[in-house]
1. What is the stretch 4-172's relative contact order, in percent, from Cα pairs under 8 angstrom and six or more apart in sequence?
2. Put +1 on the Cβ of each Lys and Arg and -1 on the Cβ of each Asp and Glu in the stretch 4-172; which of Ile160, Ser27, Met66 then has its Cα farthest toward the positive end of the dipole?
3. Per Stokes-Einstein, at 20 °C and 1.002 mPa s, what whole-number D in µm² s⁻¹ belongs to the stretch 4-172, with the Kirkwood radius over Cα pairs as the hydrodynamic radius?
4. Roughly how far apart, in whole Å, are the Cα centres of the stretch 53-114 and the stretch 150-170?
5. With each pseudo-label sitting 7 Å past Cα toward Cβ, what's the Asp56-Thr80 distance in nm, one decimal?
6. Grab the beta carbon distance between Tyr134 and Val70, set R0 = 22 Å, and tell me the FRET efficiency rounded to 0.05.
7. So what J values fall out for the stretch 134-147 if you push phi through Karplus, 6.51 cos²θ - 1.76 cosθ + 1.60 with θ = phi - 60°, rounded to Hz, Gly and Pro as x?
8. Over the stretch 124-174, what is the relative contact order in whole percent, taking alpha-carbon pairs under 8 Å and six or more residues apart?
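Please treat every number below as a calculation from the coordinates, not as lab data. Since the structure is predicted, the reported quantities are computational estimates derived from the model, not experimental observations. No Cβ is skipped: glycine too gets one built from the backbone with ideal geometry, and neighbour counts run over all protein chains shown.
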Amino acid sequence: MISKIDVMKYLITLILLLSFETSKGQSLTLDQLVNLQMKDLEYVNEFHLNRGWRFDSSVVETDDRMGRAVWAFGKSEFDTERAVGWFNLIYSPGYESTITYQIHNKNFYSLIKNRITALGMKLAASEILDDGLYSVYVGQKYAVKIVSSSSSDEIVPKYIFTILPKSQYYNSLD
């Protein structure tokens with residue numbers, strides 16, 4: 001006969017495994033982000049769908065702006081502006097894409113930040129924002145913008161990574 005304690009142990013283990021699997025889908029590495037920045041829309045869509053993300057919205061490219069596709073992970077059913085993670089692909093045929101990846105998990109932030117350091121990327125800019133910090137790291141082919149922010153209406157800080165071609169970063173300074 002199975003005891004109540006054994007059932008509780010089983011349920012706790014099951015919950016922990018499910019939460020690990022869920023968070024694993026949200027977590028993207030710097031290497032994955034850079035790879036996605038170089039891929040086409042269909043590849044990016046399949047990659048996200050296979051990891052539990054869902055397509056959220058898009059904006060068609062026009063003469064004045066690039067196109068945008070947005071995926072959400074763990075999007076709130078009650079507040080459509082909130083999700084565990086957001087991923088934006090900003091694209092235009094003939095140009096390299098830019099991506100943004102927004103998370104609230106400090107451990108995932110640390111994994112990406114540590115990889116930036118391990119790759120020897122150089123700090124190109126750093127400043128204080130209202131309710132946040134901004135920094136830019138530049139590597140051989142791409143730049144990574146990082147915004148860490150917190151505000152009174154947010155329970156946990158958010159971390160936003162923008163991956164863009166190095167040349168596009170430097171062109172934006174002009």
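1. Once normalised by length, the contact order is 15 percent.
2. Towards the positive end, the residue furthest out is Ser27.
3. Answer, rounded: 123 µm²/s.
4. About 11 Å separates the Cα centre of the stretch 53-114 from the one of the stretch 150-170.
5. It works out to 1.2 nm between the two label points.
6. The computed FRET efficiency comes out at 0.50.
7. Once rounded to whole Hz, the list reads 10, 8, 10, 10, 10, x, 5, 10, 9, 10, 10, 9, 10, 10.
8. Dividing the mean separation by the residue count of the stretch 124-174 yields 28 percent.
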